[in-house]
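Have a look at the structure below, then the notes.
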Amino acid sequence: GDYEIIKPRWSAFFLTELDLILRRKGIDTVILTGTTTPNCIRTTCYDAIALDYHTYILENCCSSQTEEIQRANMEDMARIGAVII
């Protein structure tokens, strides 16, 4: 029952079937984790919010090159509507 999605760019939604799969399953919430917060996490977050998903980010499960970069990105994503946990 698992799905495998290969993402060609930073966002997990860009040129993938992720949105279609989630909508078909009636899922309206995404929880983001991963590396390169300023790139992959941030672009996926912005796309998820733009697509009207409730968006949560597990901060301790994400990483950036420095703590300052991590903090700044988390603050920006919180300002646009992501819930940082």
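The values are calculated or read from the model by the stated rules, or taken from the named source; none is laboratory data. Quick caveat, the model's predicted, so the values are computed rather than measured. Reconstructed Cβ throughout: ideal geometry from the backbone, glycine too, with neighbour counts over all protein chains shown. Side chains included, ligands, DNA and RNA excluded: accessible areas come from the protein's heavy atoms. Shrake-Rupley method; radii C 1.70, N 1.55, O 1.52, S 1.80 Å.
Residue count for segment 10-27 satisfying the condition of being surrounded by 11 or more Cβ atoms within 10 Å (Cβ to Cβ), assigned to a loop (DSSP other than H, G, I, E, B) and over 13 Å from the mean Cα position of the chain (by Cα): 3.
Could you tell me whether any residue of segment 50-63 is assigned to a loop (DSSP other than H, G, I, E, B) and among the aromatic types (F, W, Y)? Within segment 50-63 (the criterion being assigned to a loop (DSSP other than H, G, I, E, B) and among the aromatic types (F, W, Y)), the answer is yes, since at least one residue qualifies. Within segment 35-60, the only residue that satisfies the criterion of being over 12 Å from the mean Cα position of the chain (by Cα) and more than 27 Å from R24 (Cα to Cα) is N60. T44 meets each of the listed conditions (1) more than 18 Å from S11 (Cβ to Cβ); (2) in contact with a strand residue (DSSP E or B) (Cβ under 8 Å, 6 or more places away or on another chain); (3) not aliphatic (A, V, I, L, M) apart from (1). Does any residue in segment 5-30 that is touching a residue at least 12 places away in the same chain (Cβ under 8 Å) come within less than 9 Å, Cβ to Cβ, of a residue that is basic (K, R) and surrounded by fewer than 16 Cβ atoms within 10 Å (Cβ to Cβ) six or more places away or on a different chain, and which pairs are these? Here the result reads F13/K7; F14/K7; L18/K7, each pair linking segment 5-30 to a residue that is basic (K, R) and surrounded by fewer than 16 Cβ atoms within 10 Å (Cβ to Cβ). Exactly one residue out of I41, I49, I31, I57 is closer than 22 Å to I85 by Cβ, open to solvent by 60 Å² or more (accessible area, probe 1.4 Å) and modelled with pLDDT of 95 or more: that is I31.
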